1. Anything in region 75-110 that is open to solvent by less than 50 Å² (accessible area, probe 1.4 Å), assigned to a strand (DSSP E or B) and out of contact with any helix residue (DSSP H, G or I) (no Cβ under 6 Å at 6 or more places or on another chain)? List them, or say none.
2. How do the pairs read when you match residues in region 63-74 that are assigned to a strand (DSSP E or B) with residues anywhere that are charged (D, E, K, R) and surrounded by 20 or more Cβ atoms within 10 Å (Cβ to Cβ), using Cβ under 7 Å and keeping only pairs 6 or more apart or on different chains?
3. Quick check on this structure: which one of VAL385, VAL372 is in contact (Cβ under 8 Å) with a residue 60 or more places away in the chain, in contact with a helix residue (DSSP H, G or I) (Cβ under 9 Å, 6 or more places away or on another chain), open to solvent by 30 Å² or more (accessible area, probe 1.4 Å) and among the hydrophobic types (A, V, I, L, M, F, W, C)?
4. For region 402-480, list the helices (runs of 4 or more DSSP H) that sit wholly inside it and hold at least 3 residues that are under 23 Å from GLY158 (Cα atoms); which are they?
5. Can you find a residue in region 142-163 that is in contact (Cβ under 8 Å) with a residue 60 or more places away in the chain, out of contact with any helix residue (DSSP H, G or I) (no Cβ under 9 Å at 6 or more places or on another chain) and surrounded by fewer than 24 Cβ atoms within 10 Å (Cβ to Cβ)?
6. Within region 122-140, does at least one residue satisfy the condition of being surrounded by fewer than 24 Cβ atoms within 10 Å (Cβ to Cβ), within 30 Å of GLN410 (Cβ to Cβ), aromatic (Phe, Trp, Tyr) and within 16 Å of the ligand (Cβ to nearest atom)?
7. Return yes or no: is ARG289 among the charged types (D, E, K, R), in a helix (DSSP H, G or I) and closer than 27 Å to ASN415 by Cβ?
8. For region 148-167, give me the residue count where each residue is within 16 Å of the ligand (Cβ to nearest atom) and touching a Gly at 6+ places or on another chain (Cβ under 8 Å).
Amino acid sequence: MRPWVFATLAGACLAGPLQAQVPTLSADTQAFVKVAQPLVAITHVRVIDGNGTPAVEDQTVVLRDGRIIAVQGSEPVPQGAMVIDGNGHTLIPGLVGMHDHMFYPAPKVNPEAKEALYPEQGSSFPKLYLAGGVTTIRTTGSTEPYTDLELKKAIDAGKIPGPKIHTTGPYLEGIGSYTPQMHELVDAADARATVGYWIGEGATSFKAYMHITRAELAAAIDAAHAKDIKVTGHLCSIGFREAAELGIDNLEHGLVVDTEFMPGKQVDVCPDARAAAAELAKMEIGDPRLRQLIALLVAKRVAITSTLPVFETFVPGRAPVDPRVLDAMLPETRTEYLHTRDQIAKKSDSPWPALFKLEQAFERAFVQQGGVLLAGLDPTGFGGVIAGYGDQREVELLVEAGFSPVQAIQVATMNGARFLGEDKELGSIEPGKAADMVLVRGNPAQDIQDIENVVLVFKDGVGYDPVKLVRAANGTVGLR
Ligand SMILES: [Zn+2]
């Protein structure tokens with residue numbers, strides 16, 4: 001069966017007036033484009049607009065010169081428009097991935113090559129993010145900040161296909177980094193200078209990491225806020241309440257990385273990860289300390305980024321083996337991923353089944369108490385969490401956590417756009433906004449897994465072919 005059908009009322013005209021809004025696409029980029037007409041009408045389509053409101057059936061969505069110009073039930077198709085029959089399909093806003101690195105753990109290949117290294121996936125990940133319906137990302141910590149910045153330039157200039165990128169500077173890590181790809185800050189002045197330098201180079205956000213001290217974090221926040229730039233953190237040496245009091249804007253991963261409930265926790269010291277996890281796994285969602293923590297985060301307007309896919313891989317026997325993910329991998333990467341997955345499946349004493357459930361309950365409670373939840377995949381851990389596919393899995397896991405499908409989609413679209421200060425431009429399907437949208441087969445409002453059935457991804461009104469993007473990335477994740 002043909003996934004979708006279109007008819008062109010006017011003759012097909014590649015590029016043309018689109019260029020007023022969108023850069024000229026290189027021949028390499030055009031090879032991935034399926035719809036390049038400046039005027040497009042998607043008819044009889046279900047719309048989930050990204051605002052958390054119920055899906056609306058049988059809409060006509062009109063795009064012109066890269067923007068959405070109409071979303072209506074009875075909209076007449078403008079003359080000259082290319083028509084895409086959206087029967088049986090749903091339009092959702094392009095996903096806004098808020099923990100979407102460009103790197104991925106390298107396979108070790110030789111078992112004695114033990115160092116943890118995270119090479120940039122500068123070829124495969126931009127394609128896979130876009131193919132998965134992710135049209136905007138925040139890189140949320142970089143191991144190769146210059147590569148991220150140059151990828152952003154190349155994508156914005158139309159030279160290569162990929163999502164819109166908000167580039168985070170290098171990790172702001174203290175002494176104790178587990179990879180040589182992170183600079184270890186020596187003091188608060190170093191933190192301030194590092195932030196200042198990378199703002200000059202184009203970074204538009206920063207991420208504090210596990211061994212940063214309170215003095216360094218305070219200096220980094222001060223230097224970033226002076227330029228209207230936000231700071232997030234995957235913290236360990238600093239508890240969530242301490243970070244909120246210091247003025248952090250966002251906390252990555254949620255409760256499972258908060259060490260403040262660890263008995264005997266020393267200030268500015270990251271406790272043993274295993275012990276901290278075992279301790280946290282004993283907590284229950286009804287614990288009054290959690291209610292108080294959430295109240296403080298909400299009062300201080302600290303957002304939390306949910307990254308459930310990476311944690312799911314730690315739960316014995318949980319993350320489904322996704323053939324799309326295996327196809328994306330370099331053979332060595334696939335072998336090691338499946339081996340580690342088997343090792344984890346054999347663990348009988350893992351704290352992760354309890355921790356994963358607690359994290360899902362925490363994210364629900366956080367939103368119920370008024371918190372702003374963002375969504376990302378975090379393509380790290382031991383692997384298996386891959387650009388695009390992981391972002392889709394995140395939305396599915398939010399639904400498993402108890403959010404309705406349209407709420408989960410709102411978390412993964414509009415909430416991110418608002419946090420990035422881009423809510424006037426993207427994050428929802430509304431007239432006037434950039435035409436960043438995903439056409440999926442089926443109805444994610446009923447079955448969230450339909451979010452995986454991507455048929456066409458519009459970025460600034462240009463419709464990219466997910467099949468071609470995936471084909472060009474397959475077999476390379478882990479290497480490039
Ligand atoms: Zn991360």
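The values are calculated or read from the model by the stated rules, or taken from the named source; none is laboratory data. For clarity, every value in this text was computed on a predicted model and none was experimentally measured. Neighbour counts run over all protein chains shown; Cβ positions are idealised from the backbone, glycine included. Quick note on the areas: whole protein, heavy atoms, side chains included, nothing else; ligands and nucleic acids left out. Shrake-Rupley method; radii C 1.70, N 1.55, O 1.52, S 1.80 Å.
1. Listed by number, the residues that qualify are MET82, VAL83, ILE84, HIS89, THR90, LEU91, PRO93, PHE103.
2. ARG67/LYS433; ILE68/LYS433
3. VAL372
4. 466-473
5. Yes.
6. No - not one qualifying residue is present in region 122-140.
7. Here the answer is yes, as ARG289 does meet what is asked.
8. 1
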